[in-house]
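Notes for the one structure printed next.
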Amino acid sequence: MEQFLAQHVVAAVFVLVLARQLGVPFPAFPVLLWAGARAVDDPLLGLSALIASVLAGSAGNLPWFWAGRRYGYRILKLVCTITLSPDSCVRESEIAFERRGPLVLLVARFVPGLETVSPPLAGALRLDPVKFLAYDAAGGALWAGAGLGLGLAFHGEIEWLLDWLAEQGGKGLLLIAAMVLVYVGYRFFQRWRFLRSLEAARISVAELYAMMRRGDEPVVLDVRSRAHRELDGRRIPGAHAVDLDDLERTLAHLARDQEVVVYCACPNEATAARVALQLRERGFLRVRPLAGGIDAWVSAGLPVESALLVE
């Protein structure tokens, strides 16, 4: 195995980086460290590995980008469902794009979750394809360059580790496999713990609609990002758009004893549950996240309004 990989360094970099950007939860950064260590004796190898990584990264991100352009906000829910990162990654990525635009793509590869969500989000926000490729390639070059550079700087330690693994034979392969399993298992554990933290009292769309019909007048807060509201274009009737950066201004107009329902569009009501927790900490005791968010409301065939009315 070691001999085969040693003869196909650039191919190994291309395949593993491509798989990573397509969504396979495999840590590709170690292979860049290894390629950087081998580039000590062959600088051209390092350059080839850099080019291969950039091309593979763009090839892996392009399908997600086009899916975002075609399916809009719906693809974001799919991405956050399959990624191992916490479900808040979509919300955080949307906010990052609102503030920095395509510059986010320069650092996306370094941030777990953000790297997975950024390509489809850029497509959903109708970023120009040429601009996307330019920023994505630049970010991929920075990420690959960092890995290759670290491998070059610590080539002695990396070569020692590889020699030790080679001496172990089959045990070395088992150790590598165990490390990969621990990595994936840890990411799954993080996600499971995050979901457990969201187990709060929820209100169903049927309950909320019944309250509205009875004239209970619950305060409904739409805590989706501005970008998501514009992409979706729908809101629950009478809902108030809330920017989390300006949450205090919204709370100033609410009485502590009011019934408050918070909704978002992320899987497991991640953002809504977080906001509900913040409201409870501020003394709002009758606050609940809406189970299923805006998608559950629409699926139930309940009336909606234009989200542009709240901007």
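The values are calculated or read from the model by the stated rules, or taken from the named source; none is laboratory data. Remember, it's a predicted structure, so these values are computed and weren't measured experimentally. For neighbour counting, all protein chains shown are included, and Cβ atoms are generated from backbone atoms with ideal geometry for every residue, glycine included.
Among the residues of region 157-173, is any modelled with pLDDT of 80 or more and among the aliphatic types (A, V, I, L, M)? Scanning region 157-173, I find no residue that is modelled with pLDDT of 80 or more and among the aliphatic types (A, V, I, L, M), so the answer is no.
Considering region 20-46, and only residues there that are in a loop (DSSP other than H, G, I, E, B) and in contact (Cβ under 8 Å) with a residue 60 or more places away in the chain, the residue that is farthest from Ala56 (Cα to Cα) turns out to be Val40. The set of residues from region 201-229 being surrounded by fewer than 17 Cβ atoms within 10 Å (Cβ to Cβ) and within 15 Å of Cys264 (Cα to Cα) comprises Ser204, Arg226.
Here's the yes/no breakdown for (1) in a helix (DSSP H, G or I); (2) in contact with a Phe, Trp or Tyr (Cβ under 7 Å, 6 or more places away or on another chain):
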residue	(1), (2)
Met211	yes, no
Arg224	no, no
Ala227	yes, yes
Leu231	yes, yes
Pro237	no, no
Leu247	yes, no
Ala272	yes, yes
Val275	yes, no
Gln278	yes, no
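Would you pick out the residues in region 96-130 that are among the aliphatic types (A, V, I, L, M) and surrounded by 24 or more Cβ atoms within 10 Å (Cβ to Cβ)? Don't jump to the end; show me each part of the working.
Residues of region 96-130 among the aliphatic types (A, V, I, L, M): 96, 103-108, 111, 114, 117, 121-122, 124-125, 127, 130.
Selection gives Leu105, Ala108, Val117, Leu121, Ala122, Ala124.
Restricting attention to region 294-305, does a residue exist that is in contact with a Cys (Cβ under 8 Å, 6 or more places away or on another chain), assigned to a helix (DSSP H, G or I) and at pLDDT 85 or above? Within region 294-305, one or more residues are in contact with a Cys (Cβ under 8 Å, 6 or more places away or on another chain), assigned to a helix (DSSP H, G or I) and at pLDDT 85 or above. From the list Gly293, Gly301, which one is under 30 Å from Arg126 (Cβ atoms) and either in contact with an Asp or Glu (Cβ under 6 Å, 6 or more places away or on another chain) or among the polar types (S, T, N, Q) (or both)? Result: Gly293 is the single residue among Gly293, Gly301 that is under 30 Å from Arg126 (Cβ atoms) and either in contact with an Asp or Glu (Cβ under 6 Å, 6 or more places away or on another chain) or among the polar types (S, T, N, Q) (or both). Screening Ala252 with (1) under 26 Å from the mean Cα position of the chain (by Cα); (2) modelled with pLDDT under 80; (3) small (Gly, Ala, Ser) gives one miss only, at (1).
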